[in-house]
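The values are calculated or read from the model by the stated rules, or taken from the named source; none is laboratory data. Just so you know, these numbers come straight off a predicted model, no measurement behind them. For neighbour counting, all protein chains shown are included, and Cβ atoms are generated from backbone atoms with ideal geometry for every residue, glycine included.
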Number of protein chains: 2
Amino acid sequence: MQITSPDLDTAANILKLLGDKTRLAIVKIVSEQECCVCEFVDLFQMTQPAISQHLRKLKDAGLVSETRRGQWIFYSLNKTCPYLTFIQTVIEQIPSQTFKLEELEAQGKRICCD
Amino acid sequence: MQITSPDLDTAANILKLLGDKTRLAIVKIVSEQECCVCEFVDLFQMTQPAISQHLRKLKDAGLVSETRRGQWIFYSLNKTCPYLTFIQTVIEQIPSQTFKLEELEAQGKRICCD
DNA sequence: AGTATTAATAAGAATATACTTATATACTGA
DNA sequence: TCAGTATATAAGTATATTCTTATTAATACT
């Protein structure tokens, strides 16, 4: 694990990405559990392209990474991001969002690939 | 000092404000030292209205507070902000910007009201 | 009072952002 | 190979953001 401290411009770019409630929730959620695109669509009641575009921004910036598993693509926090510590310090301070995943689970809408 | 943890929406709003490099630098600087508007204008090579508008956003959100001292208005980090801890945790992780104030000082451009 | 200085506000323009709908791509399983 | 599902991309639109210039407000100094 690396502990690069971001310069001002880098920090501002990361914070701008996190400064959208959908993306902030996504990052918080993937920091707690892997999650796939269609789950986010359900969670946030947004269209699939809208979610996909948020994920792309996060991926392009190196905040999240993806793994395909069958027909699903799962997103997780990118553990190799040079600014992982910075990102974690920020998201540690907001409330856990796992309750949202539990709601999905209760509706039988969680995706499982085992 | 209060330790209210921001909910997701509140956190996103704060992060959006910090997600602009000018505002992030302003907040970092006022966390280290009081500073007046014309100093920011010099520091960032921006017009006075542009700086004023950034300060207004930060003030409206409660992140900074102002005190008039003579003809100058000094800004500082708002120590009574309910989310002070959150804000401080974020800005502690970016590099100190006092070198910028030292450059101003070297040019004899710092404002002093004593 | 009159002028200079500092800062805020207003109005408008250029750009960025976050959606929408339509379409393309990639994988799965019959 | 074909149909179904999951995801990405493209193009367009509405709105938000961040500047610009012009003006106003407040204070200081003579």
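What the table shows:
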read-out	value
Residue in the stretch B:49-56 that is within 11 Å of DNA strand D (Cβ to nearest atom), of a type in the set (A, V, I, L, M, F, W, C) and out of contact with any strand residue (DSSP E or B) (no Cβ under 7 Å at 6 or more places or on another chain) present	yes
Residues satisfying the stated conditions in the stretch A:31-72, i.e. of a type in the set (D, E, K, R) and in contact (Cβ under 8 Å) with a residue 24 or more places away in the chain	A:Glu32, A:Glu34, A:Glu39, A:Asp42, A:Lys57, A:Arg69
Candidates A:Ala50, A:Ala61, filtered to the one that is out of contact with any Cys (no Cβ under 7 Å at 6 or more places or on another chain), among the small types (Gly, Ala, Ser) and within 25 Å of A:Glu102 (Cβ to Cβ)	A:Ala50
Residues of the stretch A:69-114 satisfying the condition of being among the aliphatic types (A, V, I, L, M) and more than 23 Å from B:Ala12 (Cβ to Cβ)	A:Ile73, A:Ala106, A:Ile111
Near pairs, Cβ below 9 angstrom, 6+ apart or cross-chain, from the stretch B:73-91 (hydroxyl-bearing (Ser, Thr, Tyr)) to any residue that is part of a strand (DSSP E or B) and within 16 Å of DNA strand D (Cβ to nearest atom)	B:Tyr75/B:Cys36; B:Tyr75/B:Val64; B:Tyr75/B:Glu66; B:Tyr75/B:Thr67; B:Ser76/B:Val64; B:Ser76/B:Glu66; B:Ser76/B:Thr67
Single residue of A:Leu24, A:Leu43, A:Leu17, A:Leu58 found to be modelled with pLDDT of 95 or more, in a helix (DSSP H, G or I) and more than 12 Å from the chain's Cα centre (by Cα)	A:Leu43
Given (1) within 14 Å of chain B (Cβ to nearest Cβ); (2) of a type in the set (A, V, I, L, M, F, W, C); (3) crowded, with 17+ Cβ neighbours inside 10 Å, index of the condition A:Phe74 fails	(1)
Pick from the stretch A:15-30, criterion in contact (Cβ under 8 Å) with a residue 60 or more places away in the chain and within 8 Å of chain B (Cβ to nearest Cβ), ranking: surrounded by the most Cβ atoms within 10 Å (Cβ to Cβ)	A:Leu18
Residue satisfying condition, being assigned to a loop (DSSP other than H, G, I, E, B), away from every other protein chain (no Cβ under 14 Å), out of contact with any His (no Cβ under 7 Å at 6 or more places or on another chain) and among the polar types (S, T, N, Q), within set A:Thr4, A:Thr80	A:Thr80
Flag if A:Ala11 is without any contact (Cβ under 8 Å) to a residue 60 or more places away in the chain and either surrounded by 14 or more Cβ atoms within 10 Å (Cβ to Cβ) or more than 13 Å from every other protein chain (Cβ to nearest Cβ) (or both)	no
Count of residues meeting criterion [part of a helix (DSSP H, G or I), within 23 Å of B:Pro6 (Cβ to Cβ) and either of a type in the set (S, T, N, Q) or touching a Ser or Thr at 6+ places or on another chain (Cβ under 7 Å) (or both)] in the stretch A:27-40	3
Looking only at the stretch B:44-71, and only at residues there that are small (Gly, Ala, Ser), touching a helix residue (DSSP H, G or I) at 6+ places or on another chain (Cβ under 9 Å) and more than 7 Å from DNA strand C (Cβ to nearest atom), the one that is nearest to the other protein chains (Cβ to nearest Cβ)	B:Ala61
